[in-house]
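Working notes, beginning with the structure itself.
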Amino acid sequence: MLLIANGTIINPKTDQMEQLDILIKEDRIIEIGKDLVEKVNASDGYAKSDIEVIDAKGTFVSPGFIDLHVHLREPGFEYKETIFTGSRACAKGGYTSVVCMPNTKPALDSVETIEMLSKIIERDSVISIYPAGAITLGIAGDVMSNHAELIKAGAVALSDDGRTTMNEDYMRAVFKVAKTFDKPVMTHSEDHDITVNYKNAIYPTEAESNIVERDIALCKEVDGILHVSHVSTKAAIDAIAIGKGSNTRLTCEAAPHHFALSDERVDMTSNYSKVSPPIRSESDRKYLVEAIKKGIIDVIATDHAPHEKESKECPYSEASYGISGIESAFSVSYQSLVYSGEIPLQQLIRMLTINPARIASLKDVGSIEKGYYADLTLLDLEANVTIDSKAFISKGKNTPFNGFIAKGEVIMTLHHGKIVYLKTR
Ligand code: DOR
């Protein structure tokens with residue numbers, strides 16, 4: 001048995017923070033309370049030596065973080081990331097469950113590919129990884145995949161991430177099928193009729209808001225479940241705020257690079273800040289932070305998009321879109337949202353744990369409770385951090401956050417009762 005002693009537990013269901021011990025047997029939490037070593041010893045005869053104690057005094061203990069939006073690249077782009085490297089990078093970021101996007105090669109558009117990926121995950125991953133199935137074959141937008149079969153094979157959501165499904169009938173169809181399984185459709189909102197004309201990666205904000213408005217309307221029409229990925233603009237936020245008024249199954253996420261960076265905070269001509277949707281204006285960034293404060297944004301998701309050096313060390317027009325963000329997410333978020341005084345720590349933890357768990361219907365995770373998986377993330381909120389991509393476990397060192405100074409870091413991650421990341425001091 002393992003005892004995490006004396007840490008300050010953050011409970012995202014009640015927002016309470018209290019110094020308590022957590023007793024773990026195998027992969028589950030079996031008890032939460034004060035002075036648990038003594039109690040367990042006294043009550044049912046466990047010898048002290050049966051219990052390994054981790055003294056967590058001075059640290060905050062969160063449920064393991066959950067990211068609804070990562071790109072782990074396997075199968076097909078193993079030179080960018082693998083399940084082996086990506087899962088360890090996630091663990092270092094404090095993440096114990098992630099949803100991986102289907103823009104792999106082959107795409108996650110068939111039962112065979114999802115089953116093949118599940119075997120790789122079982123073999124190589126140190127955390128829980130759940131696939132999102134593709135809405136269309138090859139995420140090319142032309143032919144629908146078999147949504148029901150993908151969900152039955154293990155997809156926890158459906159998405160053509162990286163591309164928008166422009167065909168409205170396909171969107172209606174996927175909303176309908178996903179709803180019968182109580183699964184969300186996750187949308188990358190980018191109006192290709194607009195972006196096709198933009199060689200510059202910084203395409204207009206309407207490209208996002210047009211699709212967000214369209215999908216909210218289609219979802220409402222067929223009574224579906226919609227999760228809008230990486231919201232970046234004022235117009236999209238406004239559409240979501242209105243849409244939430246009449247649809248309780250509408251949720252959305254924001255990425256650290258969108259609420260921490262803007263055209264005034266980063267070199268927009270650098271390939272390392274090239275991402276889709278693009279980093280936006282300072283007024284969009286401030287609007288996004290306000291939306292987080294108001295609770296319009298449900299979750300923080302990284303859109304972790306690792307790329308090899310060559311695809312960033314090249315002319316801007318040829319550079320790949322994306323930021324390797326899983327290992328810097330907590331420090332950037334804590335610094336930009338909590339340490340800066342915008343939101344309380346409990347709200348950040350809710351956006352990283354219980355909210356994503358509910359959206360993806362992940363069982364027995366996202367909270368610290370008796371009977372739940374022992375997925376825990378230990379935080380040192382006094383730590384001074386300077387983001388350094390050279391220290392990333394991820395194969396992708398592509399980040400505009402290099403040199404970013406932050407308070408707060410992940411010092412230990414437990415997945416199903418096992419230590420999967422421990423900061424070396
Ligand atoms: O910047 C991005 N990179 N945005 C996406 O939607 C896809 C991602 C990738 O797969 O590299």
(request) Using all C-alpha to C-alpha distances in the stretch 359-425, build P(r) with 5 Å bins and read off the rounded percent in each one. (result) 4, 14, 17, 20, 18, 14, 10, 2, 0
(message) Please compare each pair in 293/363; 152/363; 179/220; 13/220 to a cut-off of 19 Å on the Cα-Cα distance and tell me which ones are over it.
(response) 293/363; 13/220
(message) Taking just the alpha-carbon atoms of the stretch 295-413, what radius of gyration and Dmax come out, in angstrom?
(response) 16.0, 53
(message) Using the Cα centre of the stretch 335-384 as the reference point, and only Cβ charges (+1 on K/R, -1 on D/E), how large is the resulting charge dipole? Debye, rounded to the nearest 20.
(response) 260 debye
(request) Counting only C-alpha contacts under 8 Å and six or more residues apart, can you give the relative contact order of the chain as a whole percent? (result) 20 percent
(request) Before rounding to the nearest 500, sum -39500 (n - 2.57) across all DSSP H runs of length at least 4 in the chain and divide by the residue total; then give [θ] at 222 nm in deg cm²/dmol. (result) -8500 deg cm²/dmol
(request) Enumerate the amide H contacts of residue 53 below 5 Å, restricted to partners 5 or more residues apart or on another chain; note that Pro and chain-start residues carry no placed amide H. (result) 3
(request) Would you mind ranking 65, 259 so that the residue whose beta carbon has the fewest other beta carbons within 10 Å leads the list? (result) 259, 65
(request) Sort 252, 219, 314 so the one with the fewest other Cβ atoms within 10 Å of its own Cβ comes first. (result) 314, 219, 252
(message) Taking θ = phi - 60°, what integer Hz values does the Karplus form 6.51 cos²θ - 1.76 cosθ + 1.60 yield along the stretch 328-340, in sequence order, with x for Gly and Pro?
(response) 9, 4, 5, 4, 5, 5, 4, 4, 6, 10, 9, 4, 6
(request) Using amide H atoms built 1.01 Å from N in the peptide plane, name the residues 5+ places from residue 20, or on other chains, whose amide H lies under 5 Å from its own. (result) 6, 7, 9
(request) Please sort 359-369, 407-417, 329-339 by packing, taking for each peptide the average over its residues of neighbouring beta carbons within 10 angstrom, highest first. (result) 329-339, 407-417, 359-369
(message) Rg over Rh of the stretch 213-351, using C-alpha atoms and the Kirkwood radius, what does it come to?
(response) 0.99
(request) Give me the Debye-computed log₁₀ of I(q)/I(0) at q = 0.06, 0.07 Å⁻¹ for the chain, equal point scatterers on Cα only, no solvent, two decimals. (result) -0.23, -0.31
(message) Per residue of the stretch 305-320, what does 6.51 cos²θ - 1.76 cosθ + 1.60 with θ = phi - 60° give for ³J(HN,Hα)? Whole Hz please, x for Gly and Pro, Karplus curve as stated.
(response) 10, x, 9, 6, 3, 4, 7, 10, 8, 7, x, 3, 5, 9, 5, 6
(request) Based on the mean of other Cβ atoms within 10 Å per residue, sort peptides 301-308, 3-10, 372-379 so the most packed one is first. (result) 301-308, 372-379, 3-10
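Read-outs throughout are calculated quantities, based only on the coordinates presented, and are distinct from any laboratory measurement. No experiment lies behind these values; they were computed from the predicted model shown. In this analysis, Cβ positions are derived from the backbone assuming ideal geometry, glycine residues included, and neighbour counts consider all displayed protein chains.
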